[in-house]
1. Only Lys, Arg, Asp and Glu count, each charged at its Cβ (+1, +1, -1, -1), so figure out the dipole size of the chain about its Cα centre, rounded to 20 debye.
2. To the nearest 20 debye, what charge dipole does the stretch 37-121 have about its Cα centre, counting +1 at the Cβ of each Lys and Arg and -1 at the Cβ of each Asp and Glu?
3. Compute the distance from the alpha-carbon center of the stretch 96-130 to that of the stretch 131-189, in whole Å.
4. Normalised by the number of residues in the chain, what is the relative contact order in percent for Cα pairs under 8 Å and 6+ residues apart?
5. Sort GLU52, GLU167 by accessible area with a 1.4 Å probe, largest first.
6. Quote to one decimal, in nm, the extra length available between ARG69 and ALA209 on full extension: 0.36 nm per residue of separation minus the C-alpha distance between them.
7. State to the nearest 20 debye the size of the charge dipole of the stretch 59-196 about its Cα centre, where the only charges are +1 on K and R beta carbons and -1 on D and E beta carbons.
8. Tell me, in nm to one decimal, what length is gained between SER82 and ASP174 on full extension, where the rule is 0.36 nm per residue of separation less the Cα-Cα distance?
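The values are calculated or read from the model by the stated rules, or taken from the named source; none is laboratory data. Just so you know, these numbers come straight off a predicted model, no measurement behind them. As a convention, Cβ positions derive from the backbone with ideal geometry for all residues, glycine included, and neighbour counts pool all protein chains shown. Protein only, heavy atoms only, side chains kept; ligands, DNA and RNA dropped before computing areas. Shrake-Rupley method; radii C 1.70, N 1.55, O 1.52, S 1.80 Å.
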Amino acid sequence: MTDPSGFLAVDSGGSGLRVVVGTVARGALARRESRDPVRTGDRGIDPGHLMEQLVPMVRSSVAEAGVDRLGAAVIGAAGLASLGDALRAELPAALGREFGIGRVALVADAVTAYVGALGSRPGAVVAAGTGLIAMGTDLTRWHRADGWGHLLGDCGSGAWIGRAGLEAALRAYDGRSGGSAGLLARAEELFGPIQGLPAKLYPRQDRPAVLASFAPHVAARADTDPIAAEILRAAARHMAESAAAVCPGTGEPQVALTGGLFKMGDPLVVPLEEELAKRLPHARRVPAAGDPLLGSVRIATDLATDALTLPSDDRLLCVVTESR
């Protein structure tokens, strides 16, 4: 069975590439995944490397799905806002040449995370893992808060919590206030003598991930360690501040949380719910419907049916129509 109303949805991030081919009528029909992240270089995200991975994945998916033609594509990509110039310049034409796709939306991963969580509704989404960003919209424009990386921001993220936990360990080692003997003992179990931690941590290119790896150990001690509990309460305040900065101030916006950090459960989520209730009393908390790949699928479905109502933005959500 074939269907000519096909779409391609892509989620490209730090852990690799995920691809869905489907149709408007039948939804997602075939999925592929690569664990090889798309390279970045002097020109930002490398469109050539993205296409090298996409072409075989899409061709096999199209065959499995029984789709005659791909009319629309959504490429959700981490780093698109700041590293996406080459993608915006080259990818729509490349997708047109390879697959005959005439309409392409290039979308930042924070936007696909928003749409995966809330769909095309006004509100705010906090996406938290190793890093953290909040996105909001009133359906006329996008609003962003944080997402500035572990050195300048990502306040409340896994890297932020892990760094705060390691700082508490070092404070205990020094005999300063705000230290946690329990976190010091755990840090030394994981990293060795604490005085050697800077030399181990600072040169690493994966420093945010290493910091974030300590965040679950902070959460594990929150029930018995007031320092660990306060770190998570501070993280919750930062998250709620970012959500409040981007959430529409009128109407009945929805607020959702998405990302692996919330697997920490109650030690983080309970204080976050309290902070959200204080800062956004007019907003309704709802569970996230899905992840950034679902967001790409939702946007692709709307793009294929001319039903896309999300606000356009040169950096965050850009639709390009190629003449065929």
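1. Value, rounded to 20: 20 debye.
2. In debye, rounded to 20, the stretch 37-121 gives about 220.
3. 26
4. 24
5. These residues rank, largest area first, as GLU52, GLU167.
6. Result for the pair: 46.4 nm of gain on full extension.
7. Here the stretch 59-196 has a charge dipole of around 300 debye.
8. So the chain would gain 29.2 nm between SER82 and ASP174.
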